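S.K.: Have a look at this one.
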Amino acid sequence: MKNSLVELSVNALDRISRKRKPSPHRSSVRGKMSAKVAGAAKVPATSDWDVLRGAARTCKACPLYKNATQTVFGEGPLKARIVLLGEQPGDAEDLEGRPFVGPAGRLLERALAEAGVDRARCYVTNAVKHFKWKPRGKRRLHEKPNNAEIAACRPWWQAELKLIRPQFLVCLGGTAARAVFEREVKVMSERGSIVKTAWAERTLVTIHPSSLLRIPDSEARHREFARFVGELTLLAK
Ligand code: URA
């Protein structure tokens with residue numbers, strides 16, 4: 001049953017798809033975390049999530065707001081044990097105003113379910129709250145946020161985490177890991193490691209689900225999906 005579920009999800013992926021670990025070190029995270037970044041978003045000093053989200057709607061700390069439809073703030077229970085931190089909203093998220101509602105989000109949800117984790121019980125957010133894209137014909141092509149954009153947006157997810165105080169923080173991909181550890185993180189060599197950070201007793205670095213959508217070979221995609229599920233299983237413990 002379990003296998004057929006995986007099969008189903010990865011086959012669905014086929015249709016969507018066109019086509020040791022140096023540990024991140026806690027003390028360096030703490031050290032840099034408090035540093036004030038010029039141009040960083042001004043976040044209201046509040047423990048009221050609605051006020052935070054409302055303030056984020058008008059954020060102009062970096063230029064990304066200019067081409068985005070709206071700010072996509074995090075969502076989920078404020079008592080969540082697990083926070084999932086992605087990169088930035090994609091096309092679907094930008095239009096809907098909610099994180100991880102497009103193809104990568106559906107895949108994430110399936111992987112979590114396979115791992116025994118209910119997405120509805122997780123708080124889901126992004127390191128950068130506006131969609132960065134460039135036009136390609138009629139399509140809007142995703143572009144990676146740069147360091148200044150990641151730094152400008154950092155106070156928002158930090159404010160979310162201060163409210164939620166999760167047991168587990170999951171960095172989905174390199175941008176999220178870079179935002180948290182404030183250095184480049186080589187996801188393929190550091191994935192699967194769990195370290196304590198200022199944000200959570202257990203912080204896990206893993207891949208971004210959209211990377212699975214880009215694997216052209218079906219067998220490799222199945223294998224990588226299973227590995228991703230294996231890492232997410234750590235959250236169920
Ligand atoms: N990718 C992300 O990193 N976040 C989203 O919300 C959607 C896609």
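S.K.: Return only the number of the condition from (1) within 23 Å of residue 143 (Cβ to Cβ); (2) within 15 Å of the ligand (Cβ to nearest atom); (3) surrounded by 22 or more Cβ atoms within 10 Å (Cβ to Cβ) that residue 213 does not satisfy.
M.R.: (3)
S.K.: Residues in region 108-147 that are of a type in the set (S, T, N, Q) and away from the ligand (no atom under 13 Å from the Cβ): how many? Steps first, answer last, please.
M.R.: Here is the first cut: in region 108-147, the residues of a type in the set (S, T, N, Q) are 125-126, 146-147.
With away from the ligand (no atom under 13 Å from the Cβ) added as a condition, the list becomes 146-147.
Matching residues across region 108-147 total 2.
S.K.: Now, a different point. Quick one: which of 163, 235, 172 is over 16 Å from the mean Cα position of the chain (by Cα) and under 23 Å from residue 77 (Cα atoms)? Working first, answer last.
M.R.: Working: 235 fails: over 16 Å from the mean Cα position of the chain (by Cα); 172 fails: over 16 Å from the mean Cα position of the chain (by Cα).
After ruling out the rest, the residue left standing is 163.
S.K.: Scan region 174-190 residue by residue and report those that are out of contact with any Gly (no Cβ under 7 Å at 6 or more places or on another chain) and within 16 Å of the ligand (Cβ to nearest atom). Please lay out each step first, then the result.
M.R.: Of the residues in region 174-190, the ones out of contact with any Gly (no Cβ under 7 Å at 6 or more places or on another chain) are 174-175, 177-184, 186, 188-190.
If the condition is that a residue be out of contact with any Gly (no Cβ under 7 Å at 6 or more places or on another chain) and within 16 Å of the ligand (Cβ to nearest atom), then 174, 175, 177, 178, 179, 180 are the ones that fit.
S.K.: Please state which of the following conditions residue 222 fails to meet, knowing it meets all the rest: (1) away from the ligand (no atom under 16 Å from the Cβ); (2) loosely packed, with under 15 Cβ neighbours inside 10 Å; (3) more than 30 Å from residue 51 (Cα to Cα).
M.R.: Among (1) away from the ligand (no atom under 16 Å from the Cβ); (2) loosely packed, with under 15 Cβ neighbours inside 10 Å; (3) more than 30 Å from residue 51 (Cα to Cα), the lone unmet condition for residue 222 is (2).
S.K.: Do any strands (runs of 3 or more DSSP E) entirely within region 104-195 hold 2 or more residues that are modelled with pLDDT of 95 or more, surrounded by fewer than 21 Cβ atoms within 10 Å (Cβ to Cβ) and in contact with a helix residue (DSSP H, G or I) (Cβ under 8 Å, 6 or more places away or on another chain), and if so, which? Quick ask: steps written out before the conclusion?
M.R.: Values: elements: 122-126, 133-136, 139-142, 168-172.
Correct list: 139-142.
S.K.: Just to be sure, is residue 197 farther than 19 Å from residue 44 by Cα and within 16 Å of the ligand (Cβ to nearest atom)?
M.R.: On the way: farther than 19 Å from residue 44 by Cα: yes; within 16 Å of the ligand (Cβ to nearest atom): no.
Considered against the rule, which asks whether it is farther than 19 Å from residue 44 by Cα and within 16 Å of the ligand (Cβ to nearest atom), residue 197 comes out as no.
S.K.: Next up: Would region 212-231 turn up any residue that is hydroxyl-bearing (Ser, Thr, Tyr), part of a helix (DSSP H, G or I) and under 17 Å from the mean Cα position of the chain (by Cα)?
M.R.: Step one: filter region 212-231 for residues hydroxyl-bearing (Ser, Thr, Tyr), giving 218.
The next check asks that each one be part of a helix (DSSP H, G or I); those that pass are 218.
With the extra rule that they be under 17 Å from the mean Cα position of the chain (by Cα), the set shrinks to none.
No, region 212-231 contains no residue that is hydroxyl-bearing (Ser, Thr, Tyr), part of a helix (DSSP H, G or I) and under 17 Å from the mean Cα position of the chain (by Cα).
S.K.: What's the total number of residues in region 96-107 that are touching a Phe, Trp or Tyr at 6+ places or on another chain (Cβ under 9 Å) and more than 9 Å from the ligand (Cβ to nearest atom)?
M.R.: Qualifying residue count, region 96-107: 3.
The values are calculated or read from the model by the stated rules, or taken from the named source; none is laboratory data. From a predicted model like this one, the values you see are computed outputs, not experimental measurements. Methodologically, a virtual Cβ is constructed for each residue, glycine included, from the backbone with ideal geometry; neighbour enumeration extends over all protein chains shown.
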